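Undergrad: After the structure tokens below, expect a handful of questions from me.
The values are calculated or read from the model by the stated rules, or taken from the named source; none is laboratory data. Computed from a prediction, not measured in an experiment: that's the story for all the values here. Glycine also receives a Cβ, built like all others from the backbone with ideal geometry; neighbour counts cover every protein chain displayed. The protein model used for the area step is the full one, side chains on, heavy atoms only, and it has no ligands, DNA or RNA in it. Shrake-Rupley method; radii C 1.70, N 1.55, O 1.52, S 1.80 Å.
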Amino acid sequence: LSRFLNNILDSATEYAIMALDFFGKIIEFNRGAEKLFGWEKEEVLNKENIGITILPEDHDKNIQEEISKRTRTEGVCDLEMDRVRKNGERFPAHSTVTAIMDSTGRVTGFVEIVRDITWRKTLERELRETKEFLENIMESSVDGIVTTDLKGKVTYLNRAMEELLQYRRNEVIGRHISRFYVKGIQEA
């Protein structure tokens, strides 16, 4: 069973999986962790604290203690934060930390699973930039533009549409489009 579980642990190369003792000393470090952080298992096992993967400024904020506290009280701590590789490179990561408990329910350590989310963060930034670009185009249009959801509730209107309707945006968004046409739903 032990060999089987170790094989599973080492097969998970896209996720860093680390086991830590109660004080954060690394007691297991899978191949995914080696790949993600750049440390060899032999370099860190029983020698290093998980703090080697945490940014210096987060050390100053006592982030390890906060994660440990949340995990002990809630059983799990799920968060996004920047991490650091052996070579000093920083990257955004999603981390899930769960408590390891003994038979009496006392927390004896932690398991942390970390995933690099650089690609997702890049896509989110590009999506935000595209959205802002399109909103700027729509806002600068001299034509009135209004959008609705499938049920006819207004989701957006530009400045030109505000002027045409003579209503402020916050008075229109969320209401049914038919309220703003003289002949009601047929005209809308």
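Undergrad: Glu65 versus (1) under 17 Å from Ser95 (Cα atoms); (2) surrounded by fewer than 17 Cβ atoms within 10 Å (Cβ to Cβ); (3) at pLDDT 90 or above: which is the lone unmet condition?
TA: Exception for Glu65: condition (3).
Undergrad: For the stretch 1-17, how many residues are over 14 Å from Asp116 (Cβ atoms) and either touching a strand residue (DSSP E or B) at 6+ places or on another chain (Cβ under 7 Å) or in a strand (DSSP E or B) (or both)?
TA: So the count comes out to 1.
Undergrad: If Cys77 satisfies all but one of (1) open to solvent by less than 80 Å² (accessible area, probe 1.4 Å); (2) part of a helix (DSSP H, G or I), what's the number of the condition it fails?
TA: Condition not satisfied by Cys77: (2).
Undergrad: Please work out if Thr53 is surrounded by 15 or more Cβ atoms within 10 Å (Cβ to Cβ) and among the β-branched types (Val, Ile, Thr).
TA: yes
Undergrad: Now, a different point. Applying the selection to the stretch 104-113, what residues are under 14 Å from His94 (Cβ atoms) and either without any contact (Cβ under 8 Å) to a residue 24 or more places away in the chain or open to solvent by less than 60 Å² (accessible area, probe 1.4 Å) (or both)?
TA: Within the stretch 104-113, Glu112 is the sole residue that qualifies.
Undergrad: Just one of (1) at pLDDT 95 or above; (2) surrounded by 19 or more Cβ atoms within 10 Å (Cβ to Cβ) trips up Glu89, so point out which.
TA: (2)
Undergrad: Further question on the same structure: State which residue is surrounded by the most Cβ atoms within 10 Å (Cβ to Cβ) when the search covers only the stretch 114-145 and only residues that are over 28 Å from Ser95 (Cβ atoms), out of contact with any Phe, Trp or Tyr (no Cβ under 9 Å at 6 or more places or on another chain) and not polar (S, T, N, Q).
TA: Gly144
Undergrad: Does the stretch 26-40 contain any residue that is β-branched (Val, Ile, Thr), open to solvent by 60 Å² or more (accessible area, probe 1.4 Å) and in a loop (DSSP other than H, G, I, E, B)?
TA: There is no residue in the stretch 26-40 that is β-branched (Val, Ile, Thr), open to solvent by 60 Å² or more (accessible area, probe 1.4 Å) and in a loop (DSSP other than H, G, I, E, B).
Undergrad: Taking the stretch 163-188 only, how many residues are open to solvent by 60 Å² or more (accessible area, probe 1.4 Å), of a type in the set (S, T, N, Q) and at pLDDT 70 or above?
TA: Total satisfying the criteria: 2.
Undergrad: Also: Among the residues of the stretch 46-74, write down those that are touching a Lys or Arg at 6+ places or on another chain (Cβ under 9 Å) and either aliphatic (A, V, I, L, M) or part of a strand (DSSP E or B) (or both).
TA: Answer for the stretch 46-74, where residues must be touching a Lys or Arg at 6+ places or on another chain (Cβ under 9 Å) and either aliphatic (A, V, I, L, M) or part of a strand (DSSP E or B) (or both): Asn49, Ile50, Ile52, Ile54, Leu55.
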